[in-house]
Amino acid sequence: MHNIADLLHGFQVALTGYHLALMVAGVLFGILVGVLPGLGAPNGVTLLIPLTFSMDPVSAIILLASMYWGALFGGSTTSILFNIPGEPSSVATTFDGHPMAKQGRATEALSYAFLSAAFGALFGVVVITLLAVPAAKFAHKFSSPEYFAVYFLAFACFVGLGGASPFKTLVSAGMGFSLAAVGMDTISGSLRLTYGLPDLVKGVSFLVAVIGLFGIGELIATMEERLEFRGVHARVSPRDVLKTIAALPAYWVALIRSSLVGCWMGITPGGPTAASFMSYGLARRFSPRSDRFGKGEPEGVIAPEAADHSAGTSAMLPMLALGIPGSATAAVMMGGLMIWGLHPGPMLFVEQKSFVWGLIASMYVANVVAVLLVLFTVPLFAAILRIPFAIIAPLIVVVCFVGAWTVSSSPFDLWLVLAFGVIGYLFKKCDYPIAPLVLAMVIGDKAEDAFRQSMIMHAGSLGAFWSNWLCGSLMTLAILLLLWPLIASLFRRRVATTPAEMPVRE
Amino acid sequence: MVVGRLLPGRESLGIGALQQQQTSGGRVLVSRRGLAIITALLALGFGAAIVLGALEYDVGWDERGPEPGYFPFLMGLVVIAGAAGALIEAIFARDQTAQAAITLDQARRIGLFLLPMLGFLVLTVALKLGLYVGMIAYLFTVMLWQGNYRLPATAAVSFGTAAFFFVMFEHWLKVALMKGPLEAWLGMH
């Protein structure tokens, strides 16, 4: 078992004082970002990336990943205490979490949420540990056509399995790819889509887009509603936590099913949001107490939380092994990797062993750190939400613009943030998925290069993508997935079933 | 927490008095169908702009594969196709006709949120006054005008935030934020 030796090496990397401190800092910042509406995991990671430029890549990724785990936990806290999901992926947690809190079972709900989240996260990390090397070995056989096929498959997954309107997914992905093409073309050197504006020559940074789409867009949507934080007070006592730990094994079916759903949705780019909704739906359908769902059923907290976190962690697997992020946050992190000069993909496992295994080991440690921290800091972070929103919102606005400036010190980027904010708001209002846009912006250049190199290799024939069984089956699967909404609608016309609507927004 | 107690502002957590009005029952500015159509049309416009931009270069293929304009051109077409589909979906949707997407009250709240932000950017970028001046002016305006806070609290938060960012970025992280003539005049670099 090579994995074990590699993992132990990873723990040596992760378990230094400096890295533990980074984990604590990352988790705390993450919880803060997760608690505040308008700032989410993708946004938080984006705001931190410019500050990691001078850091060692391992330290930087440990900080960013820990922030991600913290944000996932923070999102659940506000869902339960305030009925306001701090993260889109914790919407499903409000269904039963908040009723529990209102019945005076806030501690119980929070403990169930955190512990099942930790279970899901660790489940995801174990899956990564086991699958990372085989996946990377598999991806080792890839050349340009295979890479393009995998990218294509990732977007076909969004269209076929995403749950949003396939047209809207196409708009989102197409916009992302177009924006990625702005500026200097890597192959020919020509300046594309600049419309004569010198500010566009350097391209449109995905970091700026994420800050606008998720930060400002989310804030506009929040502003629209009259926000009232009518919270339930909570102080987590160790005895209640222990009681919940004792009760948790009874829900083993839900825990394992939800974690599996999460892993599946994290590895295929469905993302944590879709995973948590799907898992909640499954739990309600199969639970013997399904009539109590929505009224404060612990299983209704356990199912979305375990799925959310296992999707969040397992989204790192395709990012590391294939260079395809499984969620919007993973996409941003992958963008960070590329900025630090690393090439996500199978070669990472050969060239950057310490980086990969340090990250994987840190995921074990940081999730444990995160559970402990979040349990102890619940009252503190709940108190932050009692600061009037009239102060919090403008402060978040300032943070977003300062963050956008630090990306490349360009005043033009500040205008872009505002524009992306409006786009993000419209997307949210009209149920356009945002994740495909972010993914497309991050992998746009790589996808286009892979496409053009395949064409150069095969004298401009599209047969390049069916030149061997691996690439051919990936492409065929992708095309089937693309056409899936069409096939499904034909089926549905024959067998009238209720469509399971699932908003895929991360 | 601490800040919340120190600041004797409005207890309503939104932006000032306008937030007090009811969300539900407000007059409809745009229906769900209307907004879906507008968004689809905007996406259509975006796609068209990409296609036009791509046409600046050859969008065909030469013997070695696609020309530089090919990929953006194709993506522009994808956006147009998707937007056209979404437009048709929006027009023929049955269930969302009457529902409100944005009520007048909501629009007003969004406007009140966006307007100062626009001012922030105009001061910072268009008038080149820099981020520090921009953020102080922005926070000052929002808190005093929309949050109904008193002057001392407003000044404390806005200048405190600028000072925090200054120490954190210029000294600690060694990242220079955008500065204008005021900082130059004060001799800050």
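Computed from the coordinates by the stated procedures, all read-outs in this text should not be read as laboratory data. Quick caveat: nothing in here was measured; it's all calculated off a predicted structure. Here Cβ is always computed from backbone atoms with ideal geometry, including for glycine, and neighbour counts include all displayed protein chains.
Points worth noting:
- C-alpha long axis of helix A:328-339 to longest principal axis of chain A, angle in °: 50 degrees
- Taking the C-alpha atoms only, the angle from helix A:389-408 to the longest principal axis of chain A is near 30 degrees.
- For the stretch A:193-272, trypsin sites (Lys or Arg not before Pro) meeting the loop criterion (DSSP other than H, G, I, E, B) and having at most 11 other Cβ atoms within 10 Å: A:ARG230, A:ARG235.
- Global geometry of the protein assembly as shown, whether rounded, prolate or oblate, following the gyration tensor of its Cα atoms and the 1.5 cut on a/c: rounded
- In chain A, taking the dipole from charged Cβ atoms about the Cα centre, the farthest positive-side position among A:ALA370, A:VAL13, A:ALA275 is held by A:ALA275.
- Helix A:238-247 and the longest principal axis of the C-alpha atoms of chain A enclose an angle of approximately 70°.
- The overall shape of the stretch A:273-432 is oblate: from the C-alpha gyration tensor, with semi-axes ordered a ≥ b ≥ c, the ratio a/c is 1.5 or greater and a/b is no larger than b/c.
- Dividing the summed helix terms, -39500 (n - 2.57) for each DSSP H run of n ≥ 4, by the number of residues in chain A produces a 222 nm estimate of -24000 deg cm²/dmol to the nearest 500.
- Loop-located GluC sites (Glu not before Pro) in the stretch B:44-128 (DSSP state not H, G, I, E or B) with no more than 14 neighbouring Cβ atoms inside 10 Å: B:GLU63.
- Based on C-alpha pairs under 8 angstrom that are at least 6 apart in sequence, chain A has a relative contact order of 29 percent.
- Projected-area average for the stretch A:15-140 over all orientations - Cα convex hull basis, square nanometres: 9.1 nm²
- Which of A:THR268, A:THR273 has the fewest Cβ neighbours within 10 Å, and the rest in rising order: A:THR268, A:THR273
- Per-residue Cβ neighbour rank within 10 angstrom, fewest leading, A:LEU490, A:LEU437: A:LEU490, A:LEU437
- Residues A:ARG289, B:ARG33, B:ARG109, B:ARG27, sorted so that the one with the fewest Cβ neighbours within 10 Å comes first: B:ARG27, A:ARG289, B:ARG33, B:ARG109
- Listed residues A:ALA321, A:MET475, A:LEU416: farthest to the positive end of the dipole of chain A (Cβ charges): A:MET475
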